[in-house]
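Single-structure report; data block below.
The values are calculated or read from the model by the stated rules, or taken from the named source; none is laboratory data. If you're wondering where the values come from, they're calculated on a predicted model, not measured in any experiment. Glycine gets a Cβ as well: all are built from the backbone with ideal geometry, and neighbour counts include every protein chain shown.
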Amino acid sequence: MSVVSTFCKKGGVGKSTFIGFLAHYYASLGKKVLIISADDQNSIFKIFGVDEKIFDVNDNYLEFWLAGHAELGDILIEARENLYLIKTLNTDKLSMKLTLERNQEKVIKRLISECNTYFDYIFVDFPPSSNRLTEVLLEMSDHILIVVGLDSLGLGGFFNTIQYFIDNDIDLSRIKYIIPNGYSKNRRAPKISLDKLQEQAKEFTKDAIVLPALQEKSIIKNLQAEGISVFDKTTLDRYDQNAKNLLNDDLLELFKLINVD
Ligand SMILES: Nc1ncnc2c1ncn2[C@@H]1O[C@H](COP(=O)(O)OP(=O)(O)OP(=O)(O)O)[C@@H](O)[C@H]1O
Ligand SMILES: [Mg+2]
């Protein structure tokens, strides 16, 4: 089992989108996949159109499992075949508990590693903010993917992320991939940002692979507004060539370059 995370200390850069697509891709290959939302917004649920499940029952949050009030099976929410989600309620409160009770960290680590029996991959969807839970889950991640928005704010987010790793003593070599997001052929700014990002990645994250940039595509927003993932077969029929191009040209080519085993 691998633990894979998308992280960036900047909001709205595509962390949830990317990890949602990547997780669904593996699930569509027949792998058993779990996505843990470490984000109280639980926005990963919206990506799969199951956001009504965020509030349907109030005793199936990550916190209940970690506190021993629920079994893993009680808190799993099925989003697609082979693809399950776990929602969080209040990660700041959980982080406080982690800080005050040192053995809680061991409990989290044990419970997550026990998922090995059921899952091939665990994906963690982080918020842009951070707390003790963020640190523990980053520590547990075998593969850390940094998603960077291709504009000046996005580059600032990349710097803040580097700074966060340094401040918290997280080895920068644990960053495996950098995913530039929001490229556009018709605008100058993303191209300039991409050049700068490549330079800065060379300087700060020598071990990371900077992947080809993901293009800004209105279809990504449209699909998300409808709660449809690009790996939903029906999507392809309804969205004709546009969805097919996104799937084949952009995502599948990109995913071929990523090894999270
Ligand atoms: N390549 C893209 N083209 C077009 N829209 C995109 C692209 N990537 C992400 N988006 C859109 O940008 C918005 C933010 O994406 P997303 O929620 O994945 O970001 P995030 O980094 O997870 O945000 P947060 O920090 O709030 O969790 C969404 O509406 C999403 O549909
Ligand atoms: Mg998100």
(Q) Condition first: in contact with a Leu (Cβ under 7 Å, 6 or more places away or on another chain), under 23 Å from A79 (Cα atoms) and of a type in the set (S, T, Y). Can you find one or more residues in the stretch 233-242 that meet it? (A) yes
Q) Out of all the residues in the stretch 2-34, which are of a type in the set (A, V, I, L, M, F, W, C) and either in contact with an Asp or Glu (Cβ under 6 Å, 6 or more places away or on another chain) or within 9 Å of ligand 2 (Cβ to nearest atom) (or both)? A) V3, V13, I19
(Q) Looking at the stretch 135-147 only, could you name the residues that are closer than 19 Å to D207 by Cα and more than 14 Å from ligand 2 (Cβ to nearest atom)? (A) L138, E139, M140, S141, D142, H143, I144
Q. What about K53, is it more than 30 Å from G30 (Cβ to Cβ) and outside any strand (DSSP E or B)?
A. no
Q | Filter result for I192 (modelled with pLDDT of 95 or more, among the β-branched types (V, I, T) and farther than 25 Å from L94 by Cα) | A | yes
Q.
Looking at K9 and the list (1) within 16 Å of ligand 1 (Cβ to nearest atom); (2) assigned to a helix (DSSP H, G or I); (3) of a type outside the set (A, V, I, L, M); (4) surrounded by 20 or more Cβ atoms within 10 Å (Cβ to Cβ), which single condition is not satisfied?
A. (2)
Q: Return yes or no: is E63 touching a residue at least 12 places away in the same chain (Cβ under 8 Å), in a helix (DSSP H, G or I) and either away from ligand 2 (no atom under 16 Å from the Cβ) or on the phi > 0 side of the Ramachandran plot (or both)?
A: yes
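Let's see how each residue does on (1) away from ligand 1 (no atom under 14 Å from the Cβ); (2) buried (at least 22 other Cβ atoms within 10 Å of the Cβ); (3) modelled with pLDDT under 95; (4) among the aliphatic types (A, V, I, L, M):
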{"site": "V3", "(1), (2), (3), (4)": "yes, yes, no, yes"}
{"site": "G14", "(1), (2), (3), (4)": "no, yes, no, no"}
{"site": "I35", "(1), (2), (3), (4)": "no, yes, no, yes"}
{"site": "D40", "(1), (2), (3), (4)": "no, no, no, no"}
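Residues checked against (1) crowded, with 21+ Cβ neighbours inside 10 Å; (2) away from ligand 2 (no atom under 16 Å from the Cβ); (3) assigned to a strand (DSSP E or B):
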| site | (1), (2), (3) |
| --- | --- |
| N116 | no, yes, no |
| L133 | yes, no, no |
| L153 | no, no, no |
| S173 | no, yes, no |
| I178 | yes, yes, yes |
Q) Which residue out of A23, A27 is over 13 Å from the mean Cα position of the chain (by Cα), surrounded by 17 or more Cβ atoms within 10 Å (Cβ to Cβ) and in a helix (DSSP H, G or I)? A) A27
(Q) So, in the stretch 202-244, how many residues would count as being free of Cβ contacts under 8 Å to residues at least 24 places away in the same chain, crowded, with 17+ Cβ neighbours inside 10 Å and under 28 Å from T161 (Cβ atoms)? (A) 1
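This table checks each residue for (1) at pLDDT 95 or above; (2) in contact with a Lys or Arg (Cβ under 8 Å, 6 or more places away or on another chain).
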{"residue": "F48", "(1), (2)": "yes, yes"}
{"residue": "A67", "(1), (2)": "no, no"}
{"residue": "A79", "(1), (2)": "yes, no"}
{"residue": "Q104", "(1), (2)": "no, yes"}
{"residue": "C115", "(1), (2)": "yes, no"}
